[in-house]
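The values are calculated or read from the model by the stated rules, or taken from the named source; none is laboratory data. Quick caveat: nothing in here was measured; it's all calculated off a predicted structure. Cβ: placed from backbone, ideal geometry, glycine included. Neighbour counts: every protein chain shown.
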Amino acid sequence: MKKYLVPGALIVCVVISLVMWILMPIPHAHRYDLSFQLSLVLAAIWLFFRVSPGRIFKRGVLAAVLLAGLAFGIHNLATIDPHAEIVPHLRSVFKAIDGGRNPYTSGTVFHRDENGTAVYGNFNYPPAEIYPYYLAYRLSGRWNSAVLTTVMVLLNALCCLILLRTFPAIRPEYLMAFFPLFLFGEIKANPSLTFLVTALLLWLMKKDGERPQKITRYLIAVLFGIGLMTKFLIMPLMAAYYWHKFDPRKLRSLVAIALDTGIALATAVLVMAPFGVAAVFKNTILFNLVLKDRAALTTFYPNVLSGPLEWLGLGGVYPIAAVIILGLSILAAPRLGLFPAMLTAAYAFLLVAPTPEPQYLPIILYLALAARCMDMVERGTLPPQVLKRPRPAGAGLTD
């Protein structure tokens, strides 16, 4: 029965989102299709990486992945909206900072409500999301969709380079087929800093698995702390990573977990400190859990869990239900491999989030690809044609 749990759950999510899209039962909700797209693509990613390694790395399959990524990237680049909410939203954050005000308390940050009307409130992303875009704004002397897109593509490109460094034994062309999806899969929202932190974490985790060192372990903790201050996907990844280390036969494992999570949380507090820890927490975590508060500033896009509960008039139950489901996915971590545990938590997070977040799909694809490559490296099941050929003895030397 266990082997049917994941595909069964994904099928149920696809069906729920499709029914919601057909009926459109919530008067103030918009874009029901986003939940269906999210569920369907998550199911497709799961299915793709369940096939044998030989099929994943077949040249025909990789060519299809490459062409799909290029087509998707061209479409995304051609349909960038210079008036998208994220552009004036961040511009108003920069204006508040330049004016010496705290964007988490100023009440001057631009939003659009469900009718497209401009409303003003506080910044509701974690503070690390400010820095790369504010730096680009200061260096370029301007802020528009072109600057925003350039920053995101550059951050995504760093993720691609890190992937090559994470798996140096794999011939680059077998990984590069995925690059267009990573580079241009999401350039309209701003998940790229979260993507970069995730890529760095996976690289460090692989190094730690091959050659454990305290410095690597502490770097992972610090990076998790910084990641907590990017977008929210890092939270379930961190929880699954550290709970995976729990060994009920060795209660002392809790000491190491507590130390590492303490370092991560302390790092997060340091990042929040300039803006006020309470103000950041109120306008990020609490803002996104309470659907009524969230709807006051942003449009409600129903997700697999939040949509049906809002439809049934149980929106107040949503935070409890979301936390319970996400918590159960994390509690399963010790029974899974490290990367599968993190992937499971990420899937649960996306499905119980208040609104569907297709922006994270390239990160999920990256995580799934890394998980499968890691498994094949550890088991020695990488197809021979995928491996780099060792250099002949004396290659590159002169007499």
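Which one is farthest from A279 (Cα to Cα) among residues in the stretch 112-149 that are among the charged types (D, E, K, R) and in a loop (DSSP other than H, G, I, E, B)? Out of the qualifying residues, it is R142. A Cβ distance below 8 Å, combined with a sequence gap of six or more or placement on separate chains, defines the contacts here; from the stretch 246-271, residues that are without any contact (Cβ under 8 Å) to a residue 12 or more places away in the chain and small (G, A, S) reach residues that are in a loop (DSSP other than H, G, I, E, B) and surrounded by 13 or more Cβ atoms within 10 Å (Cβ to Cβ) in the pairs S253/K245; S253/F246; A256/K245. When D247 is tested against (1) within 22 Å of V323 (Cβ to Cβ); (2) exposed (fewer than 14 other Cβ atoms within 10 Å of the Cβ); (3) of a type outside the set (A, V, I, L, M, F, W, C), exactly one condition is not met: (1).
Of all the numbered requirements in (1) under 19 Å from E85 (Cβ atoms); (2) not in a loop (DSSP other than H, G, I, E, B), E173 misses one, and that requirement is (1). Restricting the first member to the stretch 213-226 and to residues that are among the polar types (S, T, N, Q), and the second to residues that are part of a helix (DSSP H, G or I), the beta-carbon pairs closer than 7 Å and six or more apart or on different chains are T216/L204; T216/K207; T216/D208. Considering L201, L223, L265, the condition of being more than 14 Å from the chain's Cα centre (by Cα) and either of a type in the set (F, W, Y) or closer than 19 Å to F339 by Cα (or both) is satisfied by L223 alone. Residue count for the stretch 213-258 satisfying the condition of being farther than 19 Å from P126 by Cα, touching a Ser or Thr at 6+ places or on another chain (Cβ under 7 Å) and part of a loop (DSSP other than H, G, I, E, B): 2.
Is it the case, given these coordinates, that L219 is modelled with pLDDT of 95 or more and either under 24 Å from T105 (Cα atoms) or surrounded by 18 or more Cβ atoms within 10 Å (Cβ to Cβ) (or both)? Show your work before the answer.
Working: modelled with pLDDT of 95 or more: yes; either under 24 Å from T105 (Cα atoms) or surrounded by 18 or more Cβ atoms within 10 Å (Cβ to Cβ) (or both): no.
No; evaluated as a whole, the condition is false for this residue.
Yes/no matrix, rows are residues, columns are (1) surrounded by fewer than 18 Cβ atoms within 10 Å (Cβ to Cβ); (2) within 10 Å of A240 (Cα to Cα):
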{"position": "W311", "(1), (2)": "yes, no"}
{"position": "L314", "(1), (2)": "yes, no"}
{"position": "V323", "(1), (2)": "yes, no"}
{"position": "M342", "(1), (2)": "no, yes"}
{"position": "Y347", "(1), (2)": "no, no"}
{"position": "T355", "(1), (2)": "no, no"}
{"position": "Q359", "(1), (2)": "no, no"}
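Listed by first and then second residue, the pairs linking a residue in the stretch 56-85 that is polar (S, T, N, Q) to a residue that is in a helix (DSSP H, G or I), with Cβ atoms under 6 Å apart and 6 or more places separating them unless they lie on different chains, are N76/F184. Against the condition touching a residue at least 12 places away in the same chain (Cβ under 8 Å), in contact with a Ser or Thr (Cβ under 7 Å, 6 or more places away or on another chain) and either part of a helix (DSSP H, G or I) or surrounded by 18 or more Cβ atoms within 10 Å (Cβ to Cβ) (or both), how does H89 come out, does it pass? It is false that H89 is touching a residue at least 12 places away in the same chain (Cβ under 8 Å), in contact with a Ser or Thr (Cβ under 7 Å, 6 or more places away or on another chain) and either part of a helix (DSSP H, G or I) or surrounded by 18 or more Cβ atoms within 10 Å (Cβ to Cβ) (or both).
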